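Novice: Have a look at the structure that comes next, please.
Where a number appears in this text, it was derived from the coordinates with a stated rule and is not lab data. In this text, all values refer to a predicted model and were calculated from it rather than measured experimentally. Cβ: placed from backbone, ideal geometry, glycine included. Neighbour counts: every protein chain shown.
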Amino acid sequence: MTPSSISTINDLFVRISAAANPRAVLWQDGLGQWHPISSDQMYQRVRALAAAFLRFGIEKGDRIALVSENRWEWAVTDFATLAVGAADVPLYPTLTGEQIAEQVRDAGCRIAVVSNRLQFDKIQSVRALTQLQQIVMMDSPAPHGAIAMSELLAHADADGAARDPVFDALVRSVAPGDLATLIYTSGTTGEPKGVALTHGNFAANQNFAALEFGFNSSDACISFLPLSHVTARALDYVMYNHGAQVAYCSQFDKLPQAMKEVRPTVIVGVPRVFEKIRQAVEQKAAQSPLKKRLLAWAIRLGSRFAGTVYDGRRPGSALWKLANKLVFSKVREAFGGRVRIFVSGGAPLGIDTARWFASTGIALWEGYGLTETSPVIALNTPIHHRMGTVGMPLPNIELKLAEDGELLVRGPSVFSGYWHKAAATAECLDAEGWFRTGDIAHLDADGFLSITDRKKELLKTSGGKLVAPQPIENKLKNSVFVAQAALVGDRHKFICVLISPNFAALEEWARHHHAVENSSRAALVADARVVALYAGIVREVNGSLANFESLKRFRIVADEWSQDSGELTPSMKIKRRVLTSKYSAVIDELYADEATARGESAG
């Protein structure tokens with residue numbers, strides 16, 4: 001069996017077990033120290049936890065809830081669940097107890113594995129609403145009502161390299177058609193639905209998604225995107241499948257330090273991760289006139305060689321080499337200095353961001369996929385790539401466009417339906433297996449795929465013009481002062497935008513310009529000089545837009561949008577329904593004089 005051919009996720013676990021890798025996994029203790037876990041230890045811990053699940057009465061086809069941050073116990077729980085033929089239900093640790101209870105009840109989980117006391121308390125408070133019979137807690141000691149995972153794994157490591165033939169036979173008995181997981185979609189516009197993915201769905205994607213990257217046992221990645229999201233989980237599977245090292249980072253704010261210490265060779269992030277790195281570089285340079293001029297010179301120079309970099313070649317220019325030594329190497333150091341593969345997924349990457357990174361000597365490969373497709377549909381690679389697209393479809397994926405431009409996909413990695421939701425399944429999956437992605441797309445003559453926008457998120461002005469918000473929002477986020485932006489204007493005469501600032505950069509700018517010192521954020525965003533700053537940003541973006549899509553008005557809000565506060569999904573996409581509800585009064589004010597205002601022009 002080669003690294004490119006598996007039929008179940010359990011095949012992948014078998015590979016881990018046989019790897020004889022002393023540092024298959026890295027984990028961080030409370031003091032920030034990193035510790036290795038060998039492939040033998042992974043095997044024994046998975047075997048021990050699987051045995052506990054069997055003692056608890058888990059049978060093939062049962063579901064086990066998994067509520068945890070990224071940590072080695074997450075992977076052990078995942079593999080142990082799949083080893084016994086059960087399916088796991090990964091839930092975001094940011095969910096409320098009521099939200100967890102709803103999904104646990106819908107999935108019919110009888111066991112939940114949680115990371116810590118906070119997650120236990122949330123579930124315990126709503127336990128009566130679920131079918132849960134047992135809760136396992138990763139942290140020790142476990143409170144009354146739970147059992148500590150350490151108790152279940154107490155003697156696992158002592159078995160060393162020994163293998164259990166009965167357990168191994170159980171692992172191999174799982175078939176491609178068996179259910180592997182229920183992943184509840186984050187629901188940017190509606191209630192979450194359980195996406196049912198089989199072992200075969202995942203395996204079909206694994207067999208083709210990493211073909212052209214040359215991953216191997218010398219690679220290392222940091223698992224920091226939420227593992228409840230399919231992108232992060234699929235990446236970890238790819239790394240394990242190729243014998244690479246996986247380091248678990250449980251908190252996003254620990255990522256910069258983790259990059260310095262682990263020095264990964266592979267980084268897969270959502271666009272916001274790369275946008276934040278860019279903004280941090282620009283913000284740091286802005287503190288010194290000399291550094292600011294140096295960065296601007298290097299980026300201008302680097303932009304001349306961006307195509308060369310994106311094609312995987314090192315520019316031979318002496319000036320480029322100087323810029324690389326003085327500036328570009330510092331950008332790479334922000335990622336640990338050793339990354340050879342950069343991939344962006346989970347949300348649309350603005351072409352300006354891709355060009356900026358190429359101008360610093362970094363080829364940033366954008367991919368595209370959905371939970372329902374396990375996940376990768378298309379991907380730019382070092383061999384086949386075109387900046388501004390999401391790459392070419394995987395060889396085992398078929399594509400076609402509906403009359404309205406919606407992308408339809410078919411293939412072995414496409415799910416078979418939503419859990420116990422036949423009507424919702426019928427809406428997006430036809431009898432021939434074509435899945436409606438909900439995305440408006442374009443295929444060029446060479447087969448490269450571009451995603452224009454979400455079908456349901458297109459704004460239609462009262463004059464009948466369709467406006468795709470995401471490309472415009474990405475242009476705004478190119479500014480160091482913009483953290484997030486949300487266009488509004490559906491069924492209105494003109495388009496407006498709500499802007500959530502990058503407060504770290506804005507507050508520093510305010511101190512430098514003596515604007516509203518030591519005041520609230522509400523006062524800061526209302527200051528005339530701050531409004532003028534953002535007016536300039538909007539004006540610059542409008543210069544690149546058609547008249548009907550230009551931004552006539554804007555409002556700066558005094559809030560940071562986040563997953564915790566409910567405005568962003570785990571992949572950092574904005575929840576438009578939440579935002580339009582939260583800022584309904586602000587939006588009403590923007591359009592208060594619409595009847596007499598000029599039409600679809602920024603004015």
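Novice: What's the Cα-based Rg to Rh of the range 458-590, Rh via Kirkwood?
Specialist: Working: Rg = 14.6 Å, Rh = 15.2 Å.
So for the range 458-590, dividing Rg by the Kirkwood Rh gives 0.96.
Novice: List, in order, the whole-Hz ³J(HN,Hα) value for each residue of the range 241-254 obtained from phi through the Karplus relation with A = 6.51, B = -1.76, C = 1.60 and θ = phi - 60°; use x for Gly and Pro.
Specialist: Residue by residue, the range 241-254 yields 5, 9, x, 7, 8, 10, 10, 8, 10, 7, 10, 4, 6, 8 Hz.
Novice: Give the Kirkwood hydrodynamic radius (Å, one decimal) of the range 9-174, defined as one over the mean of 1/r across all pairs of different Cα atoms. Before the final figure, lay out each step's value.
Specialist: On the way: mean 1/r = 0.0620 Å⁻¹.
Result for the range 9-174, one decimal place: 16.1 Å.
Novice: First select every other residue whose beta carbon is under 14 angstrom from the beta carbon of ARG55; then total the charges, Lys and Arg +1, Asp and Glu -1.
Specialist: Values: positive: ARG47, ARG110; negative: GLU59, ASP62, GLU151.
Residues near ARG55 contribute -1 overall.
Novice: Using only Cα atoms, find the angle between the long axis of helix 271-286 and the longest principal axis of the chain, and express it within 0 to 90 degrees, rounded to the nearest 10.
Specialist: Between helix and principal axis, roughly 50 degrees.
Novice: Quick one: 3J(HN,Hα) in Hz for the range 578-594, Karplus 6.51/-1.76/1.60 with θ = phi - 60°, rounded, Gly and Pro as x.
Specialist: For the range 578-594, the Karplus curve yields 5, 5, 5, 6, 5, 10, 4, 5, 5, 5, 4, 5, 4, 10, 4, 10, 4 Hz.
Novice: With charges only on Cβ, +1 for K and R and -1 for D and E, what is the dipole size of the range 199-276 about its Cα centre, in debye, rounded to 20? Each step should come with its number before you reach the end.
Specialist: Numbers: 6 positive and 6 negative charges, 36 e Å.
So the magnitude is around 180 debye.
Novice: Multiply the residue gap between ALA18 and ASN216 by 0.36 nm, knock off their C-alpha separation, and tell me the result in nm, one decimal place. Don't skip to the answer; put the middle values down first.
Specialist: Details: separation 198, 0.36 × 198 = 71.28 nm, distance 1.52 nm.
The span from ALA18 to ASN216 would gain 69.8 nm if fully extended.
Novice: Can I ask one more? Please list the non-local residues whose amide H lies under 5 Å from the amide H of VAL488, H modeled 1.01 Å from N, same-chain partners needing a gap of 5 or more.
Specialist: CYS496, VAL497, LEU498
Novice: Right, next: To the nearest 0.05, how large is the calculated FRET efficiency for GLU403 and HIS155 if R₀ is 56 Å and r is the Cβ-Cβ distance?
Specialist: Working: r = 62 Å, r/R0 = 1.11.
Rounded to the nearest 0.05, the efficiency is 0.35.
Novice: How big is D, in µm² s⁻¹, for the range 439-516 by Stokes-Einstein at 10 °C and 1.306 mPa s if Rh is the Kirkwood radius over C-alpha pairs? Each step should come with its number before you reach the end.
Specialist: Working: Rh = 14.7 Å.
In µm²/s, the coefficient is 108.
Novice: Next question. Among GLY316, GLY417, LEU401, pick out the residue whose Cα is farthest towards the positive end of the charge dipole of the range 269-455, where Lys and Arg carry +1 and Asp and Glu carry -1 on C-beta, about the Cα centre.
Specialist: Sorting the options by dipole projection puts first GLY316.
Novice: Tell me the angle of helix 199-209 to the major Cα principal axis of the chain, expressed in degrees between 0 and 90 and rounded to the nearest ten.
Specialist: 50 degrees
Novice: Could you give me the ³J(HN,Hα) list for the range 328-344, computed from phi with Karplus coefficients 6.51, -1.76, 1.60 and θ = phi - 60°, whole Hz, x at Gly and Pro?
Specialist: For the range 328-344, the Karplus-derived couplings read 4, 4, 5, 5, 5, 5, 4, 9, x, x, 10, 5, 10, 10, 10, 10, 10 Hz, x marking Gly and Pro.
Novice: So for each of 414-423, 388-397 I average, over its residues, the number of other beta carbons within 10 Å; can you give me the resulting order with the highest mean first? Please report the intermediate quantities before stating the final value.
Specialist: Values: 414-423: 16.7, 388-397: 19.6.
Final packing ranking: 388-397, 414-423.
Novice: May I pose another question? Placing unit charges on C-beta atoms (Lys and Arg positive, Asp and Glu negative, everything else neutral), compute the dipole magnitude of the range 429-587 about its Cα centre in debye, rounded to 20.
Specialist: Working: 22 positive and 19 negative charges, 138 e Å.
Dipole about the Cα centre, nearest 20: 660 debye.
Novice: I need the GluC sites (Glu not before Pro) found in the range 335-431, filtered to DSSP loop residues with at most 10 other beta carbons within 10 Å of theirs. Present the calculation step by step, with values, prior to reporting the outcome.
Specialist: Values: sites: GLU366, GLU372, GLU398, GLU403, GLU406, GLU427; in loops: GLU403.
Those satisfying the criteria are GLU403.
Novice: Taking amide H atoms as placed 1.01 Å from N in the peptide plane, list the residues 5 or more away in sequence, or in a different chain, whose amide H sits under 5 Å from that of ILE64.
Specialist: ALA87, ASP88, VAL89
Novice: May I ask you to work out the translational diffusion coefficient for the chain at 25 °C, viscosity 0.890 mPa s, via Stokes-Einstein with Rh from the Kirkwood sum over Cα pairs, reported in whole µm²/s? Walk me through the intermediate numbers first.
Specialist: Details: Rh = 25.5 Å.
It comes out at roughly 96 µm²/s.
Novice: If you average the alpha carbon positions of the range 12-65 and of the range 198-239, how far apart do those two centres end up, in angstrom?
Specialist: 17 Å
Novice: Also, I was wondering about something else. Report, by chain and number, residues whose modeled amide H sits under 5 Å from the one on VAL482, excluding near sequence neighbours (fewer than 5 apart, same chain).
Specialist: ASN502
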